[in-house]
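Notes follow once the structure below has been shown.
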Ligand SMILES: Cc1cc2nc3c(=O)[nH]c(=O)nc-3n(C[C@H](O)[C@H](O)[C@H](O)COP(=O)(O)OP(=O)(O)OC[C@H]3O[C@@H](n4cnc5c(N)ncnc54)[C@H](O)[C@@H]3O)c2cc1C
């Protein structure tokens, strides 16, 4: 194997498989470094859902293949008291996540990508000094313990939420932004198989501070005999352990689940915020969970990662054709991502923070009087804001007159979603205006 490539990609899950395939299809020589053996890629804690609205918004077709388990036509949001619920026409597809990832890997390999599996990317390599300093490769270690240096014209970090390479870049590089753990959720998930058939196929998300503080838990059918049960907890200081919560709090609320045999169990962490402020540097680009490209309301990251992969590939290809992989040359990726999806995530973060801040009692009221309707939630997921009708609705909300504090909170959340959307749609065209934009964003998010 050559120790050089046009592009070095770290990680072969959704983000890595997508961008490597796209780059190879443009004729580039692409090398992917993946710590897992090829046959284990895609063994991932997941809700196993592809959201139709996300693919539609991003101008992509929903993926097709044998990995699809079922069509989803609706989802239910359940109040903490288990009495009220909203049923949303949340269309999508249930997938076998492992088979889906293996499918993406095979598409990438067919395009001519070289995969170095069972190999860990340890640290970045640099060329140049000061402002000319650029990422120029990766030091890797194989499963025999041998290390070697691999050089590339561009280094692409798709290593997931812990961003193994990005986090080792110089702290003065904007892309090395540290993600606060309170902006991520820690999850535990099982699949359970029953010896009997359930009455119906469903996907249900449950809000409950007592069970899943800061986020939610879910129960979704893969088929009438198998369910995917998961719990997400925001990683605020002193947060409880999700597996312990699963057994101590979740299962007792749904005793029928105890009758199922466990067929899979695993944990994971997912980002729950806006994308990184800046996702490029000299000779470097990042995408997927490593760049926090996940919808903060739903935790859906597959669509945004695939979108970012396609977007980034065109920008990188042009940069390589121009022999210029500077931050200026790669900047268009930042701008285009934020213009098309970053603003949805930023608004989604405000919505998620609002939901996290509610007590169970207030959540019961909101879902009970249905002031947040199914359309409101779907609109927020898709557009990162609430639709214009919501403003009129909360002004006229007789149902909420009894709860004036909630009314104030809802209005504040709605107005903050609008403001952050405008901020993101004004993402700077060039690095020159980045620092003043970033100051505005940080002031906005620190000013609750
Ligand atoms: C509980 C849970 C439920 C979810 N449910 C859904 C859902 O239903 N729908 C949806 O759209 N999204 C869902 N997501 C989010 C989705 O799984 C992620 O957004 C998506 O997997 C991001 O892909 P990625 O390629 O960026 O990162 P990852 O999937 O994390 O992949 C990173 C890859 O990099 C490799 N790697 C890491 N470090 C190194 C290293 N040093 N060297 C070499 N290789 C390395 C890893 O082995 C892995 O293969 C969920 C996430 C969680 C945690």
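The values are calculated or read from the model by the stated rules, or taken from the named source; none is laboratory data. None of the values given here were measured: they were computed from a predicted structure. All Cβ positions, even for glycine, are placed from backbone atoms using ideal geometry, and neighbour counts span all protein chains on display.
Quick rundown of the values:
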{"read-out": "Single residue of 268, 283 found to be more than 29 Å from residue 432 (Cβ to Cβ) and either surrounded by 24 or more Cβ atoms within 10 Å (Cβ to Cβ) or under 16 Å from the mean Cα position of the chain (by Cα) (or both)", "value": "268"}
{"read-out": "Residue list for the range 266-290, restricted to those being farther than 18 Å from residue 22 by Cα, within 8 Å of the ligand (Cβ to nearest atom) and outside any strand (DSSP E or B)", "value": "289, 290"}
{"read-out": "Total residues in the range 27-40, condition touching a strand residue (DSSP E or B) at 6+ places or on another chain (Cβ under 8 Å), part of a loop (DSSP other than H, G, I, E, B) and more than 6 Å from the ligand (Cβ to nearest atom)", "value": "2"}
{"read-out": "Enumeration of residues in the range 58-68 that are within 14 Å of the ligand (Cβ to nearest atom) and surrounded by fewer than 20 Cβ atoms within 10 Å (Cβ to Cβ)", "value": "58, 60, 62, 63, 68"}
{"read-out": "Criterion: part of a helix (DSSP H, G or I) and within 11 Å of the ligand (Cβ to nearest atom) - qualifying residue of 54, 22, 43", "value": "54"}
{"read-out": "Any hit, the range 207-223, residues being within 26 Å of residue 96 (Cβ to Cβ), away from the ligand (no atom under 14 Å from the Cβ) and more than 20 Å from the chain's Cα centre (by Cα)", "value": "yes"}
{"read-out": "Evaluation of residue 294 against (1) assigned by TED's automatic domain parsing to the domain that holds residue 12; (2) more than 16 Å from the ligand (Cβ to nearest atom); (3) in contact with a strand residue (DSSP E or B) (Cβ under 6 Å, 6 or more places away or on another chain) (one fails), failing number", "value": "(2)"}
{"read-out": "Test: residue 75 is more than 17 Å from the chain's Cα centre (by Cα) and more than 12 Å from the ligand (Cβ to nearest atom)", "value": "no"}
{"read-out": "Matching option when the condition is within 12 Å of the ligand (Cβ to nearest atom), touching a strand residue (DSSP E or B) at 6+ places or on another chain (Cβ under 8 Å) and under 30 Å from residue 209 (Cβ atoms), among 94, 160", "value": "94"}
{"read-out": "Some residue of the range 323-343 being under 30 Å from residue 222 (Cβ atoms) and in a helix (DSSP H, G or I)", "value": "yes"}
{"read-out": "When residues of the range 78-91 are limited to those that are part of a strand (DSSP E or B) and over 24 Å from residue 190 (Cβ atoms), the one nearest to the ligand (Cβ to nearest atom)", "value": "88"}
{"read-out": "Selection status of residue 73, at pLDDT below 95 and in contact with a helix residue (DSSP H, G or I) (Cβ under 7 Å, 6 or more places away or on another chain)", "value": "no"}
{"read-out": "Tally, over the range 297-310, of residues that are more than 7 Å from the ligand (Cβ to nearest atom) and within 8 Å of the chain's Cα centre (by Cα)", "value": "1"}
{"read-out": "Subset of the range 210-234 [surrounded by fewer than 17 Cβ atoms within 10 Å (Cβ to Cβ) and touching a helix residue (DSSP H, G or I) at 6+ places or on another chain (Cβ under 7 Å)]", "value": "210"}
